[in-house]
Amino acid sequence: MSYQSLYRKYRPQTFADVVGQEHVVKALQGAIEANAISHAYLFSGSRGTGKTSLARIFAKALGTADEDITEIDAASHTSVEHIKELNEAVFTLPFRSPYKIYILDEVHMLSKSAWNAFLKTLEEPPAHVIFILATTEIEKVPETILSRCQTFLFKKPTRAILRAVIEKAAKAEKVKMEEGVSELIALFGDGAFRDAYGTLEKIIGASADKTITRAEAEAILGAPDEAIILSYVEGVATKDVEKALGAVRALLEKGVDIIKASELILERFRALLLLTISKESVAGFQSELGEHTFETLSRIVAAKPAAVSSTTLLTLLDAYARMKASPVPEVLLEVAAIEVAGK
């Protein structure tokens, strides 16, 4: 049996398997139950959010056999000639299904002439044809096309959703992960199921056994060391500027992604701020952050640091927002520490 990537192995096969896109699932199931099937759908959203997976599930739910489902990569079929071939093919009746379904991925890549050639067919296709268009850049799809489709916006999965699917896949693969590993994978998944599965696959492939420690995951991914993250947090929270700046230097020495490190810092400060208000308000954080991190944050709060406030979090959020446009993002992390802890 040939090797199958984790993303393909664990991508959803039925509506019940889909997570994070419940609003789309509900609408599509409702359309099937009411027998109110549109001739054209447009699925938009960032990469790796399950657009083509859900398109296949919808096609199967309509009773469409594999041979009557055609997937087209619009990125490599951009010309008017490709669309003319499609326009002719749609008139062929399905082999053994009520519908022929065409899934066009990355449809925003079509040329202007291709869009013009496709417009009439999209507006009035044969009764047995359904088009499902998918795009990561809906703003590049002509308004004349949008107006002829039922449009659904796919949400980026939350970090919690990515952690859950990764932990489920790891369990199925008989892989044991130390506390905090799934959080790192979700972080590097960057809001995409495909990237999260790919990150898990990378770690499993590089690991010597079926047990993955946090330190091992950090080394494989080039992820920030949790101890350094907490050192920065504690330095800022306790107004120890040297400690905070030392943590930034340590992150640079390890060659980690400062922006990813900043995301973790923001999450820890969010937990820290909520902990100063009420321990009950962060009951879920203990399992998400891990015992050691939670205990460290609780200890910082117990010391009643003056720098833990909503202003602190807003200053760090502002620094993070500027990082992607900065040629030296670590400077913003340093300035934020000086601004908060140096007062």
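No lab work stands behind these numbers, since they all come straight from the coordinates. Note that the structure is a prediction, hence the values are computed from the model and not measured. Cβ: placed from backbone, ideal geometry, glycine included. Neighbour counts: every protein chain shown.
All other residues whose Cβ lies under 11 angstrom from that of K9 are scored, Lys and Arg at +1 and Asp and Glu at -1, for a net of 0.
Please sort 84-97, 245-258 by packing, taking for each peptide the average over its residues of neighbouring beta carbons within 10 angstrom, highest first.
Answer by packing, highest mean first, reads 245-258, 84-97.
Expressed in units of 2.2 N^0.38 Å, where N is the residue count, the Cα radius of gyration of the chain is 1.20. Summing Lys, Arg as +1 and Asp, Glu as -1, what charge do residues with Cβ under 15 Å from the Cβ of R96 carry, R96 excluded? Net local charge, R96 excluded: -1. In the chain, the longest principal axis of the Cα atoms and the axis of helix 291-302 are about 50 degrees apart. Selection among A192, A169, S182 by position relative to the dipole of region 159-221 gives A169 as farthest towards the positive end (Cβ unit charges, Cα centre). In region 133-258, the convex hull through the Cα atoms has an average projected area of 10.9 nm², a quarter of its surface area. Relative contact order for the chain: 15 percent, from Cα pairs under 8 Å spaced at least 6 residues apart, divided by residue count. Here the spin labels are modelled as points 7 Å beyond Cα on the Cα-Cβ line, and at V90 and S5 they lie 3.0 nm apart. Identify the GluC sites (Glu not before Pro) of region 155-235 meeting these criteria: DSSP loop state and at most 15 other C-beta atoms within 10 Å of the C-beta. Qualifying residues, ordered by number: E173, E178, E179. Of all the options R270, R322, R163, the one that moves most in a Gaussian network model of the chain with Cα springs shorter than 10 angstrom is R322.
Once Rg and the Kirkwood radius are both taken over the C-alpha atoms of region 21-153, their ratio Rg/Rh works out to 0.93.
Rounded to whole numbers, the Karplus 3J(HN,Hα) couplings from phi for region 158-166 are 6, 4, 5, 5, 4, 4, 4, 5, 5 Hz, using 6.51 cos²θ - 1.76 cosθ + 1.60 with θ = phi - 60°, and x at Gly and Pro. With the largest listed first and rounded to whole Å, the semi-axes of the equivalent ellipsoid of region 226-341 from the Cα gyration tensor are 22, 14, 13.
Backbone amide hydrogens, once placed in the peptide plane, bring V129 within less than 5 Å of K100, excluding anything fewer than 5 places away on its chain.
A protection proxy built from the mean count of other Cβ atoms within 10 Å ranks the segments 101-109, 58-66, 190-198, most packed first, as 101-109, 190-198, 58-66.
Taking other C-beta atoms within 10 angstrom as a stand-in for reagent exposure, I204, I185 fall in the order I204, I185, fewest first.
Of all lysines in the structure, the ones whose alpha carbon falls short of 25 Å from that of K168, not counting any fewer than 8 places away in one chain, are K9, K26, K51, K60, K155, K156, K176, K202, K210, K260. Pair-distance distribution P(r) for region 159-221, from all Cα-Cα distances in 5 Å bins starting at 0: 4, 22, 37, 27, 10, 1 percent.
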